[in-house]
1. What pairs come up if the first residue lies in region 245-258 and is at positive phi, the second is among the polar types (S, T, N, Q) and open to solvent by 70 Å² or more (accessible area, probe 1.4 Å), and their beta carbons are under 6 Å apart, counting only those six or more places apart or on different chains?
2. Among the numbered conditions (1) at pLDDT below 75; (2) open to solvent by 30 Å² or more (accessible area, probe 1.4 Å), tell me where L47 comes up short.
3. Give me a count of the residues in region 212-223 that are closer than 17 Å to S164 by Cα and either open to solvent by 10 Å² or more (accessible area, probe 1.4 Å) or among the aromatic types (F, W, Y) (or both).
4. Taking region 93-120 only, how many residues are open to solvent by 10 Å² or more (accessible area, probe 1.4 Å), modelled with pLDDT of 90 or more and touching a helix residue (DSSP H, G or I) at 6+ places or on another chain (Cβ under 9 Å)?
5. Counting only residues that are of a type in the set (S, T, N, Q) and out of contact with any strand residue (DSSP E or B) (no Cβ under 8 Å at 6 or more places or on another chain), which one in region 52-79 is most open to solvent (accessible area, probe 1.4 Å)?
Amino acid sequence: NNKVTTHIIFSIGNESSLVNRVSDGQHPRTLSHVKMETLKHSMIAQLNAIKSTIESVDFTAQSFSEHDIRCQLPALLVNPSVKVLHMPLNRLDHVSAKCIAMMLERNDVGVGPPVEELHLSHVHEKGDEPTCEGFIEIISALGNSTRVKKLVISDPNLNYSEVSSISSILFNIKSLSSLVLRDCGINHKGLSKISCAIASNESLESLDVSNNPLGNGGISSLVVALEINARIKKLKISGTQMGGVEGGNAIATLLTGNSPLEVLDLSRNHIGDIGASKIAIGLKSNKSLLQLSMRRNALS
């Protein structure tokens, strides 16, 4: 019954034999990670039937179609062990989105998988496929979550309404400690919306908004929120197009305030020497920061 430490990857032809090996005791019953890859049978249902513990399921393999995902979800709804779930947003139809939303809502009353980490990503394929129609429905289902601790979203096609839906749940969710919004195309307006919610959130300790065109305006609104909500210990704002005197002053303000920041990633921005000198002033009075990254910032 030892945990499998490597990813378990299923492909056509070996899914039945793997279930048989688990059933016969030739394979540990606790699978740490199941990466779905072109399954034509309901592998989750079969593993459920033999009471195998699946801790993490990944549906993002490129060969796994929209139809294949839809076929697996009914069994996932009744699985009692999955804690980490990876979903490709651009391969979820409306039915699948509703199913995931239902699963998250039931999660709070102890029915179905006890999901603690939800990863939603846009899997790059030929063509520019839109985010699934049910994105807002999935996010809204997290609004009163008491179990989901980490939410990771990576989708360059998010629109303002979808960004607003993320903001809305942050006002109420009590369990979320880590939020990652990388490569989501969020601009200063979108981050201002999210920052308002972060200011009142009581559980968030880690925030990553890297690789978004936030600019100094977006970073300034975030700093204001973090001055109000002094709980964030880890902040990543790499590649956000901030810098110069304005950007440096914003970070200096954050460092000299009441922030408990321990990790700060400012890499791949446009801080320059002038901005860095402002940040240095803030560092002089900071007593919490343990790690600072400023690589690739045009520093002399």
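The values are calculated or read from the model by the stated rules, or taken from the named source; none is laboratory data. In this text, all values refer to a predicted model and were calculated from it rather than measured experimentally. No Cβ is skipped: glycine too gets one built from the backbone with ideal geometry, and neighbour counts run over all protein chains shown. Calculation scope for accessible area: heavy atoms of the full protein, side chains included, ligands and nucleic acids excluded. Shrake-Rupley method; radii C 1.70, N 1.55, O 1.52, S 1.80 Å.
1. Pairs found: none.
2. (2)
3. Here the count works out to 2.
4. Qualifying residue count, region 93-120: 7.
5. Across region 52-79, the extreme among qualifying residues is Q62.
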